[in-house]
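Below: one structure, written as structure tokens.
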Amino acid sequence: QVHLVESGGALVQPGNTLTLSCAATGRTADVYTWGWYRQVPGKQRELLAGITHDDKVSYMRSVKGRFTISKDNLRNVIFLRMTRLTAQDTGVYYCNAPIGETDYWGPGTQVTVSS
């Protein structure tokens, strides 16, 4: 089992930068790819970025060039640095860690982009 806790969500103005953190405990060595997702009301949770155990990264087109995923292997923390935020980035952000057929999720952290 993997336990995830996201933090860093806030109310920010458009154009600002925000970094989210996901603290992971448990079977972190068994996770091949970590992911950051976003969910807005009425829509499905969508994958924004992923990072593999050997630091290969991938991004959804709408955030590529603005968001950066990274991880600290010693502290077992996964980051999502978000720049040039817009109102469309508003949502609840979740950290994801799949092991086999089981998906582990944190409780999420709210990001609101508004002037």
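The values are calculated or read from the model by the stated rules, or taken from the named source; none is laboratory data. Remember, it's a predicted structure, so these values are computed and weren't measured experimentally. For neighbour counting, all protein chains shown are included, and Cβ atoms are generated from backbone atoms with ideal geometry for every residue, glycine included. The protein model used for the area step is the full one, side chains on, heavy atoms only, and it has no ligands, DNA or RNA in it. Shrake-Rupley method; radii C 1.70, N 1.55, O 1.52, S 1.80 Å.
Looking at region 81-106, which of its residues are assigned to a strand (DSSP E or B) and either out of contact with any strand residue (DSSP E or B) (no Cβ under 8 Å at 6 or more places or on another chain) or more than 16 Å from Tyr37 (Cα to Cα) (or both)? Quick ask: steps written out before the conclusion?
Initially, region 81-106 is screened for residues assigned to a strand (DSSP E or B), giving 81-82, 91-99, 102-105.
If the condition is that a residue be assigned to a strand (DSSP E or B) and either out of contact with any strand residue (DSSP E or B) (no Cβ under 8 Å at 6 or more places or on another chain) or more than 16 Å from Tyr37 (Cα to Cα) (or both), then Ile99, Thr102 are the ones that fit.
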Out of all the residues in region 60-80, which are assigned to a strand (DSSP E or B) and out of contact with any Lys or Arg (no Cβ under 9 Å at 6 or more places or on another chain)?
Lys64, Lys71, Asp72, Leu80
Restricting to region 1-56, name every residue that is surrounded by fewer than 17 Cβ atoms within 10 Å (Cβ to Cβ), of a type in the set (Ser, Thr, Tyr) and in contact (Cβ under 8 Å) with a residue 60 or more places away in the chain.
Ser7, Thr17, Thr19, Tyr32, Thr33
Look at region 99-113 and say how many of its residues are open to solvent by 60 Å² or more (accessible area, probe 1.4 Å) and not charged (D, E, K, R).
5
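If you take the residues of region 82-98 that are open to solvent by less than 20 Å² (accessible area, probe 1.4 Å) and under 14 Å from the mean Cα position of the chain (by Cα), which of them is nearest to Gly65 (Cα to Cα)? First the steps, then the outcome.
Keep residues of region 82-98 that are open to solvent by less than 20 Å² (accessible area, probe 1.4 Å), which gives 82, 85, 89, 91, 93, 95-97.
If we keep only those that are under 14 Å from the mean Cα position of the chain (by Cα) too, we end up with 82, 89, 91, 93, 95-97.
On the way: Met82: 9, Asp89: 14, Gly91: 19, Tyr93: 18, Cys95: 20, Asn96: 21, Ala97: 23 Å.
Only one residue fits best here, namely Met82.
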Can you name the residue in region 1-37 that is under 16 Å from Trp105 (Cα atoms) and touching a Lys or Arg at 6+ places or on another chain (Cβ under 7 Å) and, of all such residues, is modelled with the lowest pLDDT?
Gln1
Out of (1) at pLDDT below 95; (2) open to solvent by less than 20 Å² (accessible area, probe 1.4 Å), the one Asn73 does not meet is (2)
